[in-house]
Amino acid sequence: MTLALNQVNTIFLAVALLVLGTFFVKRFGFLQKFCIPAPVVGGLLFAIIATVLKATGLLQITLDTSLQSLFMLTFFTTIGLGASFKLVKLGGKLLVIYWIACGFLALMQNVIGVSLASLFGIHPLIGMMAGAVSMEGGHGAAGAFGQTLEDMGINSALSIGIAAATFGLVAGGLVGGPIVKYLVAKYDLKPTETEEVADGLEEKVESIKTDTFFLQVLMITFCMALGTYLGELFSTATGFVLPSYVGAMFVAVILRNIVDKFNPKAIDMKSINLIGDVTLGIFLSMALMSIKLWEVADLALPMLVIVFVQVVFIVLFGTFVLFRLLGKDYDAAVMVAGFTGHGLGATPNAMANMAAVTARFGPSRKAYLVVPIVGAFLIDVFGMPIIITTINLFK
């Protein structure tokens, strides 16, 4: 028996699973502890149920996820519109060092993923899906690039990426605290601030107004339209695969910094973030609920090995290299906690790591300034080109 859901029913199901996931995250503390996203919880639950129904021969569910790419495109465009390079100046030298380290990490994560995949005799790009895409990129990038690779004929790319991102997210929440505890004890580190201070980046904002909201929608859709058009032109002219959402994101980065020069208040980040949160939630929910878990079984062991090596690498790099590059002080240790968080999972993971560390050992204003700026958008400036180049090298 087959149950075919149309476009509207699929969107309803995605939103319902997102709401259900939100309920479970609030209900079960361990999901909050490891910052597991609500759409991942709801989507994976449905994917498991669909797999069981198919395996027992009771029911096969087919979904119409044709609108998934639209939500994905919108989300990455909002990321680009958040990329104000004025914030880079606030971070100074430490931000630049941290940013470059994130770029190096993305490169090494792809090297590790591709190399180990080759050893296991599987497609190199499957290894990449357990590299920078799912580790530093998180569930958003895993869903986006996984779909891109599946469209190129690489089966199981989406499932592997989502699974690796989930394991990475949990690992990122587990290793950050112990690393800082080790560094604090070994070097007898002390915070330079006596009380927690605001990072100074957030401004008081009024409630969202309709005309302001539609101005943000206008800018987002403009970037989406121009970015996809330029991306298609680039791909046609060069033969180089450039996903549409990447072009839209970089057009949004350019637009944001042009607008900042003439009217900084035109960009309303409260509206932008709201649109980004909604579209990411629906996109991830659709991506998770449509994965075919039965396709992952044969690749489970190679994926787990690759993720384990990724975790070992980031722990060693953060502890023995990045900590020294950032100044070998308490602020550097807290930033390493953030680095492991979004280097294996996502920016909320990084913030959770730093919150746990600073609650125990003391505040670090520098860490709360640098890590969110790089993790929120600057990380993609290095990460996206590295991922796209890897795809084109091994396609």
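No value in this document is a laboratory result; all are computed from the given coordinates. Given the structure is predicted, the values throughout are model-derived calculations rather than measurements. Please note: Cβ atoms are built from the backbone with ideal geometry, for glycine as well, and neighbour counts cover all protein chains shown.
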- Of I379, I154, F120, whose Cα points farthest to the positive end of the dipole of the chain (charges on the beta-carbon: +1 Lys, Arg; -1 Asp, Glu; origin at the Cα centre)? I379
- Phi angles of the range 82-99, converted by Karplus (6.51 cos²θ - 1.76 cosθ + 1.60, θ = phi - 60°) into ³J(HN,Hα) in whole Hz with x for Gly and Pro, give x, 8, 8, 6, 5, 5, 4, 4, 5, x, x, 4, 4, 5, 5, 4, 4, 5
- Query: Taking the Cα atoms of the range 57-116, what is the range of coordinates along each of the three principal axes, in descending order and whole Å?
  - Reply: 59, 35, 15
- How would you rank 243-251, 356-364, 59-67, highest first, on the average number of other Cβ atoms within 10 Å across their residues? 243-251, 356-364, 59-67
- Item | Label-point gap, in nm, between V309 and Q32 - each point 7 angstrom along Cα→Cβ | 3.8 nm
- How large is the dipole of the chain about the Cα centre if only Lys and Arg carry +1 and Asp and Glu carry -1, each at its Cβ, rounded to the nearest 20 debye? 620 debye
- Message: Given R₀ = 51 Å, what would the calculated FRET efficiency be for L58 paired with A237, taking r from the Cβ atoms and rounding to 0.05?
- Response: 0.55
- Note on the structure: Counting every C-alpha pair in the range 246-321, the percent lying more than 18 Å apart is 70 percent
- Task: Calculate one ³J(HN,Hα) per residue across the range 333-347 by plugging θ = phi - 60° into the Karplus curve 6.51 cos²θ - 1.76 cosθ + 1.60, and present them in order as whole Hz with x for glycine and proline.
- Result: 5, 5, 5, 5, 4, x, 4, 5, x, 8, x, 10, x, 7, 4
- Value at 222 nm in deg cm²/dmol, rounded to 500, when DSSP H runs of n ≥ 4 in the chain each add -39,500 (n - 2.57): -24500 deg cm²/dmol
- The set of residues whose placed amide H lies less than 5 Å from the amide H of T62, leaving out same-chain residues fewer than 5 positions away, is L3, A4, L5
- Note on the structure: Once A300 and A16 are pulled to full extension, the length gained, defined as 0.36 nm per residue separation minus their Cα-Cα distance, is 99.4 nm
- For the chain, the charge dipole (Cβ of Lys, Arg +1; Cβ of Asp, Glu -1; about the Cα centre) points to a positive end, and the Cα of G281, F46, P348 closest to that extreme belongs to P348
- Here FRET efficiency (C-beta to C-beta, T221 to I100, R₀ 41 Å, nearest 0.05) is 0.75
- Query: Counting pairs of alpha carbon atoms under 8 Å apart in space and at least six apart in sequence, what relative contact order in percent does the range 66-181 give?
  - Reply: 18 percent
- Net length gained if the chain between E150 and T2 were fully extended (0.36 nm per residue, minus Cα distance): 51.0 nm
- Message: For Cα pairs less than 8 Å apart in space and 6+ apart in sequence, what is the mean separation divided by the residue count of the range 124-169, i.e. the relative contact order in percent?
- Response: 47 percent
- At a temperature of 20 °C and a viscosity of 1.002 mPa s, determine how fast the chain diffuses translationally according to Stokes-Einstein, using the Kirkwood radius over alpha-carbon pairs as Rh; express D in µm²/s, rounded to the nearest whole number. 100 µm²/s
- Message: Using Cα-Cα distances under 8 Å and only pairs 6 or more residues apart, what relative contact order does the range 331-395 have, in percent?
- Response: 32 percent
- Task: Rounded to whole Hz and in sequence order, give me ³J(HN,Hα) for the range 121-132 from the Karplus expression 6.51 cos²θ - 1.76 cosθ + 1.60, θ = phi - 60°, writing x for Gly and Pro.
- Result: x, 10, 4, x, 6, 5, x, 4, 5, 9, x, 4
- Query: Among 210-223, 138-151, how do they line up from the highest to the lowest mean number of other beta-carbon atoms within 10 Å?
  - Reply: 138-151, 210-223
- Query: How long is the range 304-395 along each principal axis, judged by its Cα atoms, biggest number first, in Å?
  - Reply: 48, 27, 23
- Task: Fewest Cβ neighbours within 10 Å first, please rank E232, E136 accordingly.
- Result: E232, E136
